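Visitor: Have a look at this one.
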Amino acid sequence: MKFSLKLLLSTVIVMALTLGFSGFYFVNYVFETSLQREVGQALDESSILGFAFETAALNVPAKYSVLPDTTVEEIASNLEASGRSSGRLVRIAGEQKNVLYASDGFAADEELLTQTNVNTKSYRVLKTPNGYFVHTCVTVNTLDRILYLETMKDVSGVFTERALGFSLYRRVTLIMLVVGTVILHFIASLLTKPIRLLTRATKRMAAGDYAYRAKQVSHDELGQLTKDFNQMANALEDNIDKLEEEIEAKEEFMGAFAHELKTPLTAIIGYADMLRSHKLDAEKSFLSANYIYTEGKRLEAMSFRLLDIIVAKKSEIELREVAANDIFVYLQDLYTSERGFEFQFAYEDAWVWADVHLIKSVLINLIDNACKASEAGSTIEVMGRIVTKGYQFLIQDYGIGIPLEEQHKITKAFYMVDKSRSRSKNGAGLGLALCAEILRLHHSVLEIESWPGEGSCIYFVLPNRQGEQQKKSKASHTDYKRHSTPKKRGQSLRKGNVSSKHKNLTKE
């Protein structure tokens, strides 16, 4: 059974019970009030009749010392005649409670008479074949006689009014229930609309339509439930998208991995088979062995990089306070102009929180990539600046650049913008993926700004450990000679000694 129908039925039942009990109480209260009023009037009339009887008895001639029965009957007949228009019936009994006079139609038994004593009044409501009556009994003391005066007053109209009241209230209740059911059905439908919308949204999502959202039609608890459901659906959709991206990335990874293995293995197998099946001269044998050695080293480097990525994803590191100066001195010693590029280092001295070996690995990978993307003789700039959120490392090259639509993919394993160029320099597309994982352990991310044909600016910020960076020296150290117009440099990328494209980045 639907919730709206349950709500409707329960409300109708409660309303029916409420109307029934309240109607019964109301009609019965009116009836009891009317009946008590009639009883009071009947007792008053009985007292008046008793007084009238005593007065009439006093007018009897003095020759009677005791009121005779015939006189009693005569007085009673006169009293009955005076109240005949009101339908009052009279019965008089003597001292021994024997009936002396009774009106025609006085159908009451003698039970009330036997219960009445001297100087008492009693009454009861009596049902007869002719209707309902108030039966009263009082004592009359006159001329040394104790008489009992009984009256019957017709109160059938009160009972008829009660029956009519119950009948009318039943009809009114039935009409109110019908009208109330229609109104309650509308209200129940309106109140349960958010539930129906949530049910529809749940079914749509269960069918695979994760973008479907329930419409919020109220601002009460159900409206809040709808809002929370939509937020949950958003989180679920995001998680599903992430899972799909991860699955797609894994598939791409496996395909790229298989492709990267196939190329060197094909060369290794081919040259090994040539050495095995043919007798070659010394020069060809050396070339074949050299191909096997070169491709083997490439496979070895790729396996080490993959291992590093796997370890980085599953490991936790301990950050220590390291002097940025030591990192740049290490890089200066490692990279010299003899490599065929012009390296320029500019940095501010400060303390950073990092695993020094991992950060050195990140910077070496970034510089190597800058070299691979640049022509021989180009300038590679390596800079470090104190910024608001921590310490910023920045690598600038003026090589081939990265298209905007490719920039979000370069941290994926085996992804290479220019595959032929990367493979010619023994690249496998794993360096930036490793950098991204290492920076994740340092609570940082790799940021990229690049312009095809003009170069790339890759930077990251190591966040402060204790809220602010301890700056040791405001002086900027510049090692190696700077050139105002380095080879292959896009003029829009430089302004003085700092590239205009990333000048604002160093002031964050």
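The values are calculated or read from the model by the stated rules, or taken from the named source; none is laboratory data. Predicted model, so just to flag it, every value in this text is computed and none were measured. Here the Cβ is made from the backbone with ideal geometry for all residues, glycine too, and neighbour counts use every protein chain on show. Surface areas here come from the heavy atoms of the whole protein model, side chains and all, with no ligands, DNA or RNA. Shrake-Rupley method; radii C 1.70, N 1.55, O 1.52, S 1.80 Å.
Visitor: Tell me the accessible surface of Val182 in square angstrom (1.4 angstrom probe, heavy atoms of protein chains only), to the nearest ten.
Guide: Accessible area of Val182: about 100 Å².
Visitor: Label points 7 Å out from Cα along the Cβ direction at Ala207 and Met15: separation in nm?
Guide: 3.5
Visitor: From the C-alpha gyration tensor of region 152-282, pull out the three semi-axes of the equivalent ellipsoid (sqrt of 5λ each), sorted largest to smallest, in whole Å. Intermediate values should be presented prior to the final figure.
Guide: Details: eigenvalues 1449, 34, 13 Å².
Working from the Cα gyration tensor, I get semi-axes of 85, 13, 8 Å.
Visitor: Could you compute the net charge surrounding Ala108? Neighbours are other residues with a C-beta less than 11 Å from the C-beta of Ala108; K and R count +1, D and E count -1. Could the numbers behind the result be given before it?
Guide: Numbers: positive: Arg91, Arg124, Lys127; negative: Asp109, Glu110, Glu111, Glu150.
Counting the neighbours of Ala108, the net charge comes to -1.
Visitor: While we're looking at this one, here's another question. At what distance in nm do the modelled label points of Ile247 and Leu100 sit from each other, each positioned 7 Å from its Cα along Cα→Cβ?
Guide: Taking the two extended label points, one gets 11.2 nm.
Visitor: If you don't mind, there's one more thing I want to ask. Calculate what fraction, in whole %, of the accessible area of region 44-161 sits on carbon and sulfur atoms when a 1.4 Å probe is rolled over the protein chains. Write out the running numbers ahead of the final one.
Guide: Working: 3040 of 6160 Å².
Accessible surface attributable to carbon and sulfur in region 44-161 totals 49 percent.
Visitor: On to the next question. Around Ser46, what is the net charge, scoring Lys/Arg as +1 and Asp/Glu as -1 over all other residues with Cβ under 14 Å from its Cβ?
Guide: Working: positive: Arg88, Arg91, Lys121, Arg124, Lys153; negative: Glu38, Asp44, Glu45, Glu54, Glu80, Glu150.
Overall, the nearby charge balance is -1.
Visitor: Evaluate E = 1/(1 + (r/R0)^6) for Lys193 and Tyr25, where r is the Cβ-Cβ distance and R0 equals 35 Å; express this FRET efficiency to the nearest 0.05. The partial results should precede the final answer.
Guide: Numbers: r = 37 Å, r/R0 = 1.05.
After rounding to 0.05, the efficiency reads 0.40.
Visitor: While we're here: If the limit is 18 Å between Cα atoms, which of Lys2/Lys215; Lys250/Lys360; Lys262/Lys372; Lys297/Lys360; Lys193/Lys215; Lys97/Lys121 go over it?
Guide: Working: Lys2/Lys215 20 Å; Lys250/Lys360 28 Å; Lys262/Lys372 23 Å; Lys297/Lys360 22 Å; Lys193/Lys215 10 Å; Lys97/Lys121 15 Å.
The answer is Lys2/Lys215; Lys250/Lys360; Lys262/Lys372; Lys297/Lys360.
Visitor: Determine the order of Asp44, Asp397 by accessible area, beginning with the largest, at a probe radius of 1.4 Å. Intermediate values should be presented prior to the final figure.
Guide: Values: Asp44 95, Asp397 10 Å².
Heavy-atom accessible area, descending, gives Asp44, Asp397.
Visitor: Another question, then. Accessible area, 1.4 Å probe, largest first: how do Tyr212, Tyr29 sort?
Guide: Tyr29, Tyr212
Visitor: Restricting to Cα pairs below 8 Å that are 6+ residues apart, what does the relative contact order work out to for region 87-146? Please round to a whole percent.
Guide: On the way: 73 pairs, mean separation 14.9, N = 60.
Relative contact order comes out at 25 percent.
Visitor: Moving to a separate point now. Starting from the Cα-Cα distance between Lys121 and Tyr330, subtract it from 0.36 nm times their residue separation and give me the gain in nm to one decimal.
Guide: Numbers: separation 209, 0.36 × 209 = 75.24 nm, distance 12.45 nm.
Value of the extension gain: 62.8 nm.
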